[in-house]
1. Just name the residue that is farthest from the other protein chains (Cβ to nearest Cβ) out of those in the stretch A:27-45 that are free of Cβ contacts under 8 Å to residues at least 40 places away in the same chain and under 14 Å from residue B:97 (Cα atoms).
2. Identify all residues within the stretch A:65-112 that are in a loop (DSSP other than H, G, I, E, B) and touching a helix residue (DSSP H, G or I) at 6+ places or on another chain (Cβ under 8 Å); write none if there are none.
3. Among the residues of the stretch A:79-89, is any under 13 Å from residue A:23 (Cβ atoms), modelled with pLDDT of 95 or more and in contact with a strand residue (DSSP E or B) (Cβ under 8 Å, 6 or more places away or on another chain)?
4. Would you list the strands (runs of 3 or more DSSP E) that sit entirely within the stretch B:4-110 and hold 3 or more residues that are in contact with a strand residue (DSSP E or B) (Cβ under 9 Å, 6 or more places away or on another chain), surrounded by 13 or more Cβ atoms within 10 Å (Cβ to Cβ) and away from chain A (no Cβ under 11 Å)?
5. Can we say residue A:50 is touching a strand residue (DSSP E or B) at 6+ places or on another chain (Cβ under 9 Å), free of Cβ contacts under 8 Å to residues at least 24 places away in the same chain and within 13 Å of chain B (Cβ to nearest Cβ)?
6. Output the number of the condition that residue A:91 fails; it satisfies all remaining conditions of (1) within 14 Å of the chain's Cα centre (by Cα); (2) surrounded by fewer than 21 Cβ atoms within 10 Å (Cβ to Cβ); (3) under 13 Å from residue A:36 (Cα atoms).
């Protein structure tokens with residue numbers, strides 16, 4: 001298996017633009033997680049899905065952030081409009097049941 | 001998730017054993033102890049987990065105190081590739097998500 005796949009790996013955009021991050025979980029995994037990592041706040045959970053249904057989105061910073069999981073093999077995290085403080089590394093992870101989480105390589109987002 | 005306390009940083013010499021401690025005095029009887037690590041510029045990766053008994057796998061060993069209020073991750077022979085941030089996590093039983101603290105930055109000296 002290729003593991004968790006994220007795209008793009010790097011994204012540079014200007015303030016106010018829409019940003020869409022993509023994630024393909026490991027086949028057969030039924031939970032998907034979006035995390036954000038910054039130097040100041042460390043690794044934070046934004047939202048997680050179980051069987052494609054959002055279970056806990058309490059970590060989503062504000063309404064500018066939205067996440068979808070239209071099917072078991074794809075999820076998006078969208079920021080609209082983006083702001084410089086959104087600059088971070090965004091990780092997607094997937095999991096089967098209560099097993100270990102497998103993380104993707106991350107998307108490094110820079111908002112100018 | 002129960003609270004964990006880890007040293008901010010540790011150093012080790014290459015090819016020597018490393019003992020990474022974690023205190024979790026508020027652990028409940030059903031909390032598993034999980035360890036993940038994050039290599040530079042990569043996502044976190046699972047290392048090991050346990051409940052009461054000591055655990056071994058190809059990556060490391062986990063020694064759990066008898067009262068379960070502390071645990072130690074043991075890397076038997078540190079290599080330069082083991083330089084990473086190591087996180088000790090106690091997810092709630094019903095929780096699917098992990099709550100990452102600040103972890104321990106392990107530096108391996110050649």
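The values are calculated or read from the model by the stated rules, or taken from the named source; none is laboratory data. These numbers come from a predicted model, not from an experiment. Quick reminder, even Gly has a Cβ in these numbers, built from the backbone with ideal geometry, and neighbours come from all protein chains shown.
1. Among residues in the stretch A:27-45 that are free of Cβ contacts under 8 Å to residues at least 40 places away in the same chain and under 14 Å from residue B:97 (Cα atoms), the one farthest from the other protein chains (Cβ to nearest Cβ) is A:44.
2. Hit for the stretch A:65-112 is A:112, nothing else.
3. Checked the stretch A:79-89: no residue is under 13 Å from residue A:23 (Cβ atoms), modelled with pLDDT of 95 or more and in contact with a strand residue (DSSP E or B) (Cβ under 8 Å, 6 or more places away or on another chain).
4. So the answer is B:18-23, B:61-64, B:70-75, B:84-89, B:104-109.
5. Taking the combined requirement at face value, the residue satisfies it.
6. (2)
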